[in-house]
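J.: Mind looking over this structure? Questions follow.
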Amino acid sequence: MSRFSRITRVAVTGSTNDDMARMLGDERTRGLTLVADYQERGAGRKGRSWLAAPGSALLCTIALPDPLPTTDLWAVPFWSACIVREALETCGVSGTRLQWPNDVLSADGRKIAGILCISRVAGAYAWAGCGIGVNVRRPKDASLYEEIVPPPAFASDSADIDRDMLLDALLRAADAQYTLLETPAAIVHRWEPLANVPGQAYRILKDGETQPFEAAALRLLPGGSLLVQSGGEQREISLADARALR
């Protein structure tokens, strides 16, 4: 049986991440996936909102079955991005690319999925949950997405796909790639080519600054920072103090 065979579904919730955060570490949540048709308080990194019309997106949080060394938590979002991309490819959505630190982009560079992981630390080990949002079906009412700039992509733009199909592919990918979590370096090795690293161009905005700078990604560093080349010098961009602009 799959490590991720248990699924709980709800029509509406505040956030599947919030719901899972209250349960992480409980024996009953090991390998559990929470799925919602709609989130009232969907969130991205640094408190930004994740907007998705009811029924349009796969909104879920997957609890990892086993605790990880606390020092390895940084690798979980990158592992999550890899399984999302594999699931999309399995369902016929080809050409997607990973973007540091936590996005999946369509073949034309628009955001199709985002990832926000949570954890409960208990000393040297931690329980982790992978919060995943994937735009699956484009709503008929285009006004629902007018405030999102640039406009998002949807899996249904390029494949006949529904949320259940994608969820099945996602959990199968999670099971198949689960052992990568034992070796963060293996996750880096998997993530970099899927993100066109080295060489991928980035526009990076550091916290507290108003002007982004152009850079070329060189490699993903242990801890999740991105090493880039900009203006003739190498710079380490931390997860905590910058974001990539599309």
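J.: Suppose the filter is touching a residue at least 24 places away in the same chain (Cβ under 8 Å), within 17 Å of the chain's Cα centre (by Cα), in a loop (DSSP other than H, G, I, E, B) and closer than 28 Å to A52 by Cα; does A174 pass it?
T.: Answer is no for this residue.
J.: Only one of (1) at pLDDT 90 or above; (2) under 16 Å from A75 (Cβ atoms) fails for L239. Which number is that?
T.: Condition (1) is where L239 drops out.
J.: Write out, first by first residue and then by second, each pair whose Cβ atoms fall under 9 Å of each other, whose residues are 6+ apart or on separate chains, and whose first residue, in segment 61-75, is in the same structural domain as L239 (by TED's automatic domain parsing) while the second is of a type in the set (A, V, I, L, M) and part of a helix (DSSP H, G or I).
T.: none
J.: Let me ask another. Give me the residue from segment 117-145 that is small (G, A, S) and farther than 22 Å from D18 by Cβ and, out of that set, modelled with the lowest pLDDT.
T.: That would be S143.
J.: Looking at segment 101-109, can you tell me whether even one residue there is in the same structural domain as C60 (by TED's automatic domain parsing), over 9 Å from the mean Cα position of the chain (by Cα), among the hydrophobic types (A, V, I, L, M, F, W, C) and buried (at least 23 other Cβ atoms within 10 Å of the Cβ)?
T.: Looking for residues that are in the same structural domain as C60 (by TED's automatic domain parsing), over 9 Å from the mean Cα position of the chain (by Cα), among the hydrophobic types (A, V, I, L, M, F, W, C) and buried (at least 23 other Cβ atoms within 10 Å of the Cβ), one finds none in segment 101-109, hence no.
J.: Picking from L181, L166, which residue would you name as being surrounded by fewer than 23 Cβ atoms within 10 Å (Cβ to Cβ) and of a type outside the set (D, E)?
T.: L181
J.: Also: Report, ordered by the first and then the second residue, all pairs with beta carbons closer than 8 Å, sequence separation of six or more or different chains, a first member in segment 1-12 that is over 17 Å from Y178 (Cα atoms), and a second member that is part of a loop (DSSP other than H, G, I, E, B) and of a type in the set (D, E).
T.: V12/E40
J.: Here is a follow-up. Please name all residue pairs, on different chains or six or more residues apart, with Cβ atoms under 6 Å, provided the first residue is in segment 212-226 and is outside the structural domain of T183 (by TED's automatic domain parsing) and the second residue is outside any loop (DSSP other than H, G, I, E, B) and among the polar types (S, T, N, Q).
T.: Filtered contacts from segment 212-226: F213/S230; A215/S230; A216/Q229; L218/Q229.
J.: Now for a separate question. Being over 19 Å from D164 (Cα atoms) and touching a Cys at 6+ places or on another chain (Cβ under 6 Å) is the filter here, so list the residues in segment 76-111 that pass it.
T.: Those that are over 19 Å from D164 (Cα atoms) and touching a Cys at 6+ places or on another chain (Cβ under 6 Å): V76, P77.
J.: Search segment 189-211 for residues being hydrophobic (A, V, I, L, M, F, W, C), over 16 Å from W79 (Cα atoms) and touching a residue at least 40 places away in the same chain (Cβ under 8 Å), and hand back the single one that is surrounded by the fewest Cβ atoms within 10 Å (Cβ to Cβ).
T.: Only one residue fits best here, namely L205.
J.: Can you tell me which of D72, D37, D19 is farther than 27 Å from A195 by Cβ, at pLDDT 95 or above and buried (at least 16 other Cβ atoms within 10 Å of the Cβ)?
T.: Step by step, each of D72, D37, D19 is checked, and only D19 is farther than 27 Å from A195 by Cβ, at pLDDT 95 or above and buried (at least 16 other Cβ atoms within 10 Å of the Cβ).
J.: Looking at Y202, Y178, which is the one that is hydroxyl-bearing (S, T, Y) and closer than 17 Å to D103 by Cα?
T.: Y202
J.: Can you name the residue in segment 146-163 that is in contact with a strand residue (DSSP E or B) (Cβ under 9 Å, 6 or more places away or on another chain) and surrounded by 18 or more Cβ atoms within 10 Å (Cβ to Cβ) and, of all such residues, is modelled with the lowest pLDDT?
T.: Across segment 146-163, the extreme among qualifying residues is P152.
J.: Next question, about the same structure. Output the number of the condition that Q234 fails; it satisfies all remaining conditions of (1) more than 23 Å from T96 (Cβ to Cβ); (2) under 18 Å from the mean Cα position of the chain (by Cα).
T.: Among (1) more than 23 Å from T96 (Cβ to Cβ); (2) under 18 Å from the mean Cα position of the chain (by Cα), the lone unmet condition for Q234 is (2).
The values are calculated or read from the model by the stated rules, or taken from the named source; none is laboratory data. Just so you know, these numbers come straight off a predicted model, no measurement behind them. Ideal geometry is used to build each Cβ from the backbone, glycine not excepted, and the neighbour counts take in all protein chains shown.
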